[in-house]
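A short write-up of the structure that comes next.
The values are calculated or read from the model by the stated rules, or taken from the named source; none is laboratory data. Every value quoted in this text rests on a predicted model; they were computed, and no experiment measured them. Cβ placement follows ideal geometry from the backbone for every residue including glycine, while neighbour counts extend to all protein chains displayed.
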């Protein structure tokens, strides 16, 4: 088994981009989900509510964030000093405001008031204690530092989706791309679909990770990241084949035990 792809998403719920190698920090991949967008009430906005957020591409170079979108020139972000407490899950986290220019740029993209916030200190946000140690931390990801998926499981899911379409007399859909699931690490060479469900620890390259739990999926996976339109898949088919505890599941969540670097082609070994 090998690392097939690596992805980071500098702003939560916006476009990701591919990497050849990535630095693994205690709270996730470097530059992954360190920013998020909030509305005029200071509440987090995600692509679940506003799919057009997926039109925003953010890249970090030399510690500086640049926003790119279809509606305006690229913008270099300059965080301000102001701090705001934002509720993420069950935790209030202090985030730094990114200024009026970034707010205007995002507001024009989304056609509603919006501001950009930055987690300048990722040690502020703890992880659900049910699945972590007291000193574990996470950036602005949904719950855990890294998300891992496998090409074998996606191939099985796409076969199931095709079967569902045939059973319902629908046209065969195009296979879903892995980007629907927004993973950090994609592994190929796994012999059985969903073998990752049973991993407890995994080594990627020279680095060790704890597997916390499977990843329960939400409506964001049903949004086409190119057209921003919503459909029924993969939730419809996951509900048929991968539903338990009142949720549907695809992929696993990881916590790093050792920092360092991982690279495309690195061996992946369940421990």
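Looking at 162, 155, 102, can you tell me which residue is more than 18 Å from the chain's Cα centre (by Cα) and not assigned by TED's automatic domain parsing to the domain that holds residue 200? Break it down into steps so the answer makes sense when it comes.
Numbers: 162 fails: not assigned by TED's automatic domain parsing to the domain that holds residue 200; 155 fails: not assigned by TED's automatic domain parsing to the domain that holds residue 200.
From the options 162, 155, 102, the qualifying one is 102.
Condition check ((1) at pLDDT 95 or above; (2) closer than 20 Å to residue 1 by Cα) across all residues:
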position	(1), (2)
228	no, no
238	yes, no
249	yes, no
255	yes, yes
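Between 192, 213, which is surrounded by fewer than 18 Cβ atoms within 10 Å (Cβ to Cβ) and under 21 Å from the mean Cα position of the chain (by Cα)?
Details: 192 fails: under 21 Å from the mean Cα position of the chain (by Cα).
Being surrounded by fewer than 18 Cβ atoms within 10 Å (Cβ to Cβ) and under 21 Å from the mean Cα position of the chain (by Cα) holds for just one of 192, 213, which is 213.
Tally the residues that are assigned to a strand (DSSP E or B) and over 20 Å from the mean Cα position of the chain (by Cα), restricting the search to region 64-77. Lay out the reasoning, then the answer.
Taking region 64-77 first, the residues assigned to a strand (DSSP E or B) are 64-68, 75-76.
With the extra rule that they be over 20 Å from the mean Cα position of the chain (by Cα), the set shrinks to 64, 75-76.
Matching residues across region 64-77 total 3.
Taking the condition of being under 20 Å from residue 64 (Cβ atoms) and assigned to a strand (DSSP E or B), how many residues in region 100-129 meet it?
Taking region 100-129 first, the residues under 20 Å from residue 64 (Cβ atoms) are 100-106, 109, 115-122.
Filter again for assigned to a strand (DSSP E or B), leaving 115-118.
Of the residues in region 100-129, 4 are under 20 Å from residue 64 (Cβ atoms) and assigned to a strand (DSSP E or B).
Yes or no: residue 5 crowded, with 17+ Cβ neighbours inside 10 Å, in a loop (DSSP other than H, G, I, E, B), touching a residue at least 60 places away in the same chain (Cβ under 8 Å) and within 17 Å of the chain's Cα centre (by Cα)?
Numbers: crowded, with 17+ Cβ neighbours inside 10 Å: yes; in a loop (DSSP other than H, G, I, E, B): no; touching a residue at least 60 places away in the same chain (Cβ under 8 Å): yes; within 17 Å of the chain's Cα centre (by Cα): yes.
Spelling it out, it is not the case that residue 5 is crowded, with 17+ Cβ neighbours inside 10 Å, in a loop (DSSP other than H, G, I, E, B), touching a residue at least 60 places away in the same chain (Cβ under 8 Å) and within 17 Å of the chain's Cα centre (by Cα).
With (1) touching a helix residue (DSSP H, G or I) at 6+ places or on another chain (Cβ under 6 Å); (2) in a helix (DSSP H, G or I) as the list, and residue 149 as the residue in question, which single condition is left unmet?
It fails just one condition, (2).
May I ask you to say which residue of 102, 80 is modelled with pLDDT under 95 and either touching a helix residue (DSSP H, G or I) at 6+ places or on another chain (Cβ under 9 Å) or surrounded by 19 or more Cβ atoms within 10 Å (Cβ to Cβ) (or both)? Quick ask: steps written out before the conclusion?
Numbers: 102 fails: modelled with pLDDT under 95.
Exactly one residue qualifies, and that residue is 80.
Of all residues in region 130-146, how many are in a strand (DSSP E or B) and either assigned by TED's automatic domain parsing to the domain that holds residue 195 or under 14 Å from residue 214 (Cβ atoms) (or both)? Steps first, please.
Initial filter on region 130-146 (in a strand (DSSP E or B)): 137, 146.
If we keep only those that are either assigned by TED's automatic domain parsing to the domain that holds residue 195 or under 14 Å from residue 214 (Cβ atoms) (or both) too, we end up with 146.
Qualifying residue count for the region: 1.
On the given criteria, is residue 37 in contact (Cβ under 8 Å) with a residue 24 or more places away in the chain and out of contact with any helix residue (DSSP H, G or I) (no Cβ under 7 Å at 6 or more places or on another chain)? Steps first, answer last, please.
Working: in contact (Cβ under 8 Å) with a residue 24 or more places away in the chain: yes; out of contact with any helix residue (DSSP H, G or I) (no Cβ under 7 Å at 6 or more places or on another chain): no.
The answer is no for residue 37.
Name the single residue, out of those in region 8-21 being part of a strand (DSSP E or B) and over 10 Å from the mean Cα position of the chain (by Cα), that is surrounded by the fewest Cβ atoms within 10 Å (Cβ to Cβ).
Filtering first and then ranking leaves 18.
Answer yes or no as to whether residue 80 is within 15 Å of the chain's Cα centre (by Cα), assigned to a loop (DSSP other than H, G, I, E, B), over 29 Å from residue 259 (Cβ atoms) and outside the structural domain of residue 230 (by TED's automatic domain parsing). Lay out the reasoning, then the answer.
Numbers: within 15 Å of the chain's Cα centre (by Cα): no; assigned to a loop (DSSP other than H, G, I, E, B): yes; over 29 Å from residue 259 (Cβ atoms): yes; outside the structural domain of residue 230 (by TED's automatic domain parsing): yes.
So residue 80 does not fit the description; no.
Kindly indicate whether any position in region 44-52 is without any contact (Cβ under 8 Å) to a residue 12 or more places away in the chain, not in a loop (DSSP other than H, G, I, E, B) and not assigned by TED's automatic domain parsing to the domain that holds residue 217. Break it down stepwise before answering.
Residues of region 44-52 that are without any contact (Cβ under 8 Å) to a residue 12 or more places away in the chain, as a first pass: 49.
In the following step, the residues that additionally are not in a loop (DSSP other than H, G, I, E, B) were identified as none.
No, region 44-52 has no match at all.
Please indicate, with yes or no, whether at least one residue in region 113-122 is in contact with a strand residue (DSSP E or B) (Cβ under 7 Å, 6 or more places away or on another chain), buried (at least 16 other Cβ atoms within 10 Å of the Cβ), touching a residue at least 60 places away in the same chain (Cβ under 8 Å) and farther than 17 Å from residue 56 by Cβ.
In the first step, residues of region 113-122 are kept if they are in contact with a strand residue (DSSP E or B) (Cβ under 7 Å, 6 or more places away or on another chain); the result is 114-120, 122.
Adding the requirement that they be buried (at least 16 other Cβ atoms within 10 Å of the Cβ) leaves 114-119, 122.
So of that shortlist, the ones also touching a residue at least 60 places away in the same chain (Cβ under 8 Å) come out as 114-119, 122.
Subsequent filtering for residues that are farther than 17 Å from residue 56 by Cβ retains 119, 122.
The answer is yes, given that some residue of region 113-122 is in contact with a strand residue (DSSP E or B) (Cβ under 7 Å, 6 or more places away or on another chain), buried (at least 16 other Cβ atoms within 10 Å of the Cβ), touching a residue at least 60 places away in the same chain (Cβ under 8 Å) and farther than 17 Å from residue 56 by Cβ.
Taking region 83-99, which residues are loosely packed, with under 14 Cβ neighbours inside 10 Å and at pLDDT below 90? Steps first, answer last, please.
Quick first cut of region 83-99, residues loosely packed, with under 14 Cβ neighbours inside 10 Å only: 83, 85, 87, 89-90, 92.
Matches in region 83-99: 87, 89, 90.
Please pick out the residue among 24, 60, 37 that is surrounded by fewer than 21 Cβ atoms within 10 Å (Cβ to Cβ) and assigned to a strand (DSSP E or B).
After applying the criteria, what remains is 60.
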